[in-house]
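Derivation of every value follows stated rules applied to the coordinates shown; laboratory data play no part. Predicted model only: the values in this text are computed from it and were never measured. We place every Cβ from the backbone using ideal geometry, glycine too, and count neighbours over all the protein chains shown.
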Amino acid sequence: MDTTTTLTAAEVIDRVQAARALAHQCEVEQLYMAIHWALLHPCRDEFPAGWEDDRGLFSAGAPLAGPGAPLVDEFAPASFAAALGISLEAAKQHIADALELTYRLPRLWELVLDGQVPVWRARAISRETHDLSPEAVAFADRLISATPSKIGLVDAARLVQEARLYFDPDRAVADEEEELARRGVWIRHRGNPATTDVVMTLDTPDALLFDQTVGRIAGELRSLGDSDQLDVRRARAVGILADPQYALDLLSGRDAVPSVGTGLGAVNLYVHLDPDQPGAVSIEKLGAATDQLLTDWLTRYAAAAGGKVIVRPVLDLSSTQAVDQHDPPSAMRELCTLRDAYCVFPGCIRDSRACDLDHITAYIPMSEGGPPGQTNPLNLAPLCRTHHRMKTFTAWDYKRLEDGTHIWTSPTGHQYEVPPISRRPPRRT
């Protein structure tokens, strides 16, 4: 782009509008191609492409789109993901949104084609309707599309809920039960490993009582001399609740001392150190941190976990030692997991610690004439369960180059290159 060319204000606006229209057309074209790809790969057995559970296993009864939309072959989204360079889940969502819009929300789809509704908004709305019956989704489509200029995500979600309740009055009770089933506590790591977000979904009365308890402990900390701002003290209060006796003593006004050596649990951290980078460590799934932060953690939490610190041996990632058995020993699995941080299928981002180890050249049992040394690091690669099954049961194939790059060949003959991504931090040269 030549930034030295002088454009008038009107020309800038004209070109911005033209670029926006072109981007819209490209997004619509990708949805069209997703539909065509789905129709080219109909499901011919009892395993359609669908959504997986938290373990990466297929969840029966959860096809990509709602009733009335075509079922798609189980492995079709993987090729689509590779072509777009996106994850398998993103490709499934792309196909699901396209099917939902064209087969179940035709009025909304027409507004998209006419340019009245942006693609991103229509796709977000389609994710609200996949569980509706054909009658209910048709009603929702009419409600949503009645006033195109006022279509928003909040209003659309409200109208979808209205359609859901109109056609299924018992759904109100079911929705409440479903909400209760969502209760849980999760941790989410962000960029800096010094802190971690804790997300909780609780019964409303429990949430209100929890808020009161956290506030009380934060107040006690202030009375004991903690001068930090309220939010920081509330965060410390939540940490104190992990030590029930300490929390009870604080709330009871007794002398409170953190528990030591009570064996409450242990925190597993995979830490990588580089002798050429003193003062810094790399923690798997968390990121880079100072060694001082790690030292503080070990000092603070190791004793509370029972005073045990496990140091694992350093593995030589260049090892090619083989074994004459199908399943690799734990040290070999750890080596492969360190060498390849993710599933090595194009675009897949599933952590290799949650993957199978696949024999790149299929393993032949020794009893059936298989050669020795088949199970070795050079013939093993992490594949998530979906891509492992796809490699086993379809025409997808791949090979590993000397530099660790994996070259995949699809059933259509297209090739995709997956560069190596190690868990080890790069060494400074």
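Descriptive notes on the structure:
- Potential lengthening between Leu378 and Ser223 on full extension [0.36 nm per residue; Cα-Cα distance subtracted]: 49.7 nm
- Each residue, Val12 and Leu165, gets one label point 7 Å from its Cα in the Cβ direction; the gap between the two is 4.8 nm.
- Using 0.36 nm per residue and subtracting the Cα-Cα separation, the extra length available between Asp403 and Ile364 on full extension is 11.5 nm.
- With contacts taken as Cα pairs under 8 Å at a separation of at least 6 residues, the chain carries a relative contact order of 10 percent.
- Since only Cys43, Ala62, Ile240 are under comparison, the one whose Cα sits farthest along the positive direction of the charge dipole of the chain, derived from C-beta charges on Lys, Arg, Asp and Glu, is Ile240.
- Pairwise FRET efficiency - Asp211 versus Glu110, Cβ, R0 = 30 Å, nearest 0.05: 0.05
- Given R0 = 60 Å, the distance between the Cβ atoms of Arg183 and Glu27 translates into a calculated FRET efficiency of 0.95.
- Modelled spin labels at Trp297 and Asp327, positioned 7 Å past Cα toward Cβ, are 3.0 nm from each other.
- Centroid-to-centroid separation of the stretch 312-371 and the stretch 89-162 [C-alpha atoms, Å]: 44
- Per-residue Cβ neighbour rank within 10 angstrom, fewest leading, Val344, Val198, Val418: Val198, Val418, Val344
- For Cα extents along the principal axes in Å, calculated from these coordinates, the label among (1) 68, 67, 61; (2) 78, 77, 43; (3) 63, 58, 35: (1)
- Within the chain, Cys26, Cys43, Cys336, Cys355 have no other Cys Cβ under 4.7 Å of their Cβ and so lack a disulfide-compatible partner by this rule.
- Trp120/Asp203 FRET efficiency (R0 30 Å; Cβ-Cβ; nearest 0.05): 0.30
- For the stretch 330-418: rounded, prolate or oblate by the Cα gyration tensor [a/c cutoff 1.5]: oblate
- Point-to-point label distance, Glu46-Thr320, nm (Cα→Cβ direction, 7 Å offset): 4.6
- Global geometry of the stretch 184-252, whether rounded, prolate or oblate, following the gyration tensor of its Cα atoms and the 1.5 cut on a/c: oblate
- Cleavage-rule hits (GluC sites (Glu not before Pro)) in the stretch 320-429: DSSP loop, at most 10 neighbouring Cβ within 10 angstrom: Glu402
- Within the chain, the longest run free of trypsin sites (Lys or Arg not before Pro) that sit in a DSSP loop with at most 15 other Cβ atoms within 10 Å is 56-181.
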